């Protein structure tokens, strides 16, 4: 049985909510496993993801039809290669309006492509309202809130960002100390390369912090992937057993 | 009692999307299993036939022989759609009057509908006035087709209403704009909208059309068909008693 192709959509209607860090960490998680991955950076003003990971993330502009075709015709391909889309705040409405208009949420699963929305949550009222709107717009999609400790700053917002099923458990991104954050953002710095071999001369205390951070984040990514795969397997087995009971039942 | 249904799609000038509307009608009826045939009057080379070759004939509606081909073969089980050459709506209606077609519609022997595709210029409104005399017993649909970022319309609402009211029971239909690239790709593919959405080529083979552009066409066609549902188009051309009779047969 082939695995579904997951499309991870990292999004928030607000800027500076840790989206790019999350998208980057996810791409590097797959790289650490030496698995192919494709990233897409929708930020037309400051495409940081494409700049830091030029070999793994393309810049995409969905403000015209050509750019929309280039992006979504790639996202719909069932090649078992995970895709990570960093949806900037500026592109948020355009992206999800387009996704709704072309019925991506319905068509993708028919081709064994599973969209997963990782929503970078924060306490802003717009953020809360937009999350609720996404849930209603795409009720069948996995929508998981992501809490970045550096953004949340002690807030407990679980009530504002309810999860819809056991697959979509929240993720929590721990804080990076300011010095480590500066090193990570300065580039060229790769989490996957760091895991294989930290740069020479890297301070020991920062190395320990980085390893601890990566361990926590990657563990959550792995558990999320397992939940998605189990859910997909359960869906396939249920569909198969229903077809065994009723061979005339059409495949989804 | 069953009777033949004829739909005329016309416009006073070219480029307002008349044949596009005809294509949406053919797809609409096809999806609802209503047998349909079409006549493209852009003789000798019709655009419509390129997209719906199996159900379309190209002819010249001003020629008697071609008029006979259409009207002597009307059937109560098949809807006839006539895509009238741009600028020939009024002359076509005159020809229909002369052969007794309008009278037959008045007597209830034929279900007659006109889809008048409006252009943005005020001249379009004059053609409404011109056609009013022929349409007392026809279903008349004024179609605003938003193509090419058309700024509808050059006239104000009051002026429009004054023309609109000249035709009894006229109904307005609004056709939204289809994404330009999607429209272009469907043209290049030369297939019905439904085939493009289903990613099928002219012979039913699998195609490789853009997922995004297919989505745009699907979304747009859904809106167009919602308008046809709103005006109960299937009930107009194929009343339920006729459907039941066809099923019974």
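The relative contact order of segment B:5-178 comes to 26 percent, based on Cα pairs under 8 Å that sit 6 or more residues apart.
For the pair segment B:181-240 / segment B:25-99, the C-alpha centres are spaced 20 Å from each other. Taking the Cα atoms only, what angle lies between the long axis of helix A:65-75 and the longest principal axis of chain A, rounded to 10 degrees? Tilt of helix A:65-75: around 80 degrees. Working from Cα pairs under 8 Å separated by at least six residues, relative contact order for chain A is 22 percent. Sort segment A:1-153 into rounded, prolate or oblate with this rule: let a ≥ b ≥ c be the square roots of the eigenvalues of the Cα gyration tensor; rounded if a/c is under 1.5, and if a/c is not under 1.5, prolate when a/b is larger than b/c, oblate otherwise. It is rounded, given that a/c, with a ≥ b ≥ c, falls under 1.5. Prolate is the label for segment A:96-252, because a/c, from the alpha-carbon gyration tensor with a ≥ b ≥ c as root eigenvalues, is 1.5 or above and a/b exceeds b/c. Most tightly packed first, judged by the mean number of other beta-carbon atoms within 10 Å of their residues, the peptides A:38-47, B:41-50, B:64-73, B:227-236 read A:38-47, B:41-50, B:227-236, B:64-73. Only DSSP H runs of four or more residues enter the estimate; each adds -39500 (n - 2.57), and after division by the residues of the protein assembly as shown the mean residue ellipticity at 222 nm equals -13500 deg cm²/dmol. Temperature 20 °C, viscosity 1.002 mPa s: under these conditions the Stokes-Einstein estimate for chain B, based on its Kirkwood radius over C-alpha pairs, is 115 µm² per second.
Of the residues A:182, B:24, the one with the fewest other Cβ atoms within 10 Å heads the list, and the complete ranking is A:182, B:24. For the pair residue B:174 and residue B:235, a Förster radius of 25 Å applied to the C-beta separation gives a FRET efficiency near 0.80, rounded to the nearest 0.05. Answer rounded, prolate or oblate for segment B:1-80, using the Cα gyration tensor with square roots of eigenvalues a ≥ b ≥ c: rounded when a/c is under 1.5, else prolate when a/b is larger than b/c, else oblate. Here segment B:1-80 falls in the oblate category. For the segment A:64-77, counting C-beta atoms of other chains within 10 Å of every residue's C-beta and taking the mean gives 4. Ranked for footprinting exposure by Cβ neighbours inside 10 Å, fewest first, B:83, B:40 give B:40, B:83.
Averaged over the residues of peptide B:180-187, the number of Cβ atoms from other protein chains lying within 10 Å of each residue's Cβ is 1. Scoring B:13-20, B:114-121 by mean Cβ neighbours within 10 Å over their residues and listing the highest first yields B:114-121, B:13-20.
FYI, it's all coordinate maths here, none of it is from the lab. As the structure is a computational prediction, the values presented were derived from the model and not from experiment. Every residue, glycine among them, receives a Cβ derived from its backbone with ideal geometry; neighbour counts consider all protein chains shown.
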